[in-house]
Amino acid sequence: MTNRKRVLITGAAGFLGSHLCDRFIKEGYHVIGMDNLITGDMKNIEHLTRLEQFEFHHHDVTQHVHIGGELHYILHFASPASPIDYLKIPIQTLKVSSLGTHNLLGLAKAKGARILVASTSEVYGDPLVHPQTEDYWGNVNPIGPRGVYDEAKRFQEAITMAYHTYHKLETRIVRIFNTYGPRMRLNDGRVLPAFIGQALRGEDLTIFGDGSQTRSFCYVDDLVEGIYRLLMSDYVQPVNIGNPSEITIKQFGEEIIKLTGTKQKLISLPLPQDDPKQRKPDITVAKKILGWEPKVNRAEGLKITYDYFKSLTADELNKIEHKNFEDFKK
Ligand code: UDP
């Protein structure tokens, strides 16, 4: 036995979870990765599985979670995270951030561990305040297609604060805005892998609606740094972590065309229901409390991400889970 601090990371085989595992290994922790592999992929953590300071538990956190021995930190990052996933697996999406969070809060209480939960800019819904500050309560349709994710994440914040208030648990809440980087699922329907996948396959890039809706994309290493700082801070209120550099989806499509050199064009498909019109984090709190701001600009981040997608095999590239909302609904 070494005396490394022990951290449980749920959603360990996913995009963000796997990058967090890497970071905590690098910081000298013993990392316990947990995933039910519904949307995660062992390939993302293959390089860690032979390390003595890493262990993997194939488990669904909506069932009772048991971890033997000491536990110092928990990071709850298990959840489907793309609008098409919510349509495909709505009940699991609801359960992982509600029942799953409840189980992990109970585990944190039993172990005396500090827990950080992954919340989201989706708690702001289709926001009426721009840019979004943490004190904005949001504009969410509870019964729309995104409701299963948005309301589960809102419940997650509520139960996490309740455990903090009533059980004096050490809790942290990060509100994550659109994030990108290597290990995103190529075919999860999110805009960046969708556009890059289409460019690599020689297909037109599908813009939903007229492309005037905005997003603000944060490179994954910046996000991980913000999360690490938040976990180690004393701050219990929710904190936005994201990159405030805002862009319309149409401009974003044009950037991807330039980056990939594809001869294809932008085509328009119907806008999905309740698609937020604008999204941009106000990161004043993160700057002040954590001394954090993003460092990687979109040109640099997109280049690294494109190189990652280019390295995938033809099989991986052509494995279409679902092309777009219209196809999925058929
Ligand atoms: N989008 C698009 N084409 C696609 C996939 C997504 O135009 O092939 C749009 C989508 O309608 C949304 C934005 O890109 O306005 C970001 O979508 P994503 O699913 O990545 O995440 P969201 O921020 O909506 O949760």
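Each reported figure results from applying straightforward, stated rules to the coordinates on display, with no laboratory input. This is a predicted model, so every value here is computed, not measured. Cβ placement follows ideal geometry from the backbone for every residue including glycine, while neighbour counts extend to all protein chains displayed.
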key: Any chance residue 222 is in a helix (DSSP H, G or I) and exposed (fewer than 15 other Cβ atoms within 10 Å of the Cβ)   = no
query = Counting only residues that are part of a loop (DSSP other than H, G, I, E, B) and surrounded by 18 or more Cβ atoms within 10 Å (Cβ to Cβ), which one in segment 187-210 is farthest from the ligand (Cβ to nearest atom)?
reply = 187
request  = Give the residue, chosen from 74, 84, 67, that is closer than 27 Å to residue 308 by Cβ and either in contact (Cβ under 8 Å) with a residue 24 or more places away in the chain or of a type in the set (D, E, K, R) (or both).
outcome  = 84
ask   = Are any of the residues in segment 226-247 within 11 Å of the ligand (Cβ to nearest atom), free of Cβ contacts under 8 Å to residues at least 60 places away in the same chain and in a helix (DSSP H, G or I)?
value = no
Test for residue 239: is it touching a His at 6+ places or on another chain (Cβ under 6 Å) and surrounded by 15 or more Cβ atoms within 10 Å (Cβ to Cβ) = no
key: Residue satisfying all of: in segment 63-122; in a strand (DSSP E or B) and not hydroxyl-bearing (Ser, Thr, Tyr); nearest to residue 281 (Cα to Cα) among these   = 118
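Only residues that are among the β-branched types (Val, Ile, Thr) and crowded, with 16+ Cβ neighbours inside 10 Å: list them for segment 248-277, please.
To start, the set of residues in segment 248-277 that are among the β-branched types (Val, Ile, Thr) comprises 248-249, 256-257, 260, 262, 267.
Scanning segment 248-277 gives 248, 249, 256, 257, 260, 262.
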key: Matching option when the condition is assigned to a strand (DSSP E or B) and surrounded by 23 or more Cβ atoms within 10 Å (Cβ to Cβ), among 17, 33   = 33
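Matching residues to (1) within 25 Å of residue 149 (Cα to Cα); (2) within 16 Å of the ligand (Cβ to nearest atom):
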position: 250; (1), (2): no, yes
position: 257; (1), (2): no, yes
position: 269; (1), (2): yes, yes
position: 278; (1), (2): yes, yes
position: 285; (1), (2): yes, no
position: 292; (1), (2): no, no
position: 296; (1), (2): no, no
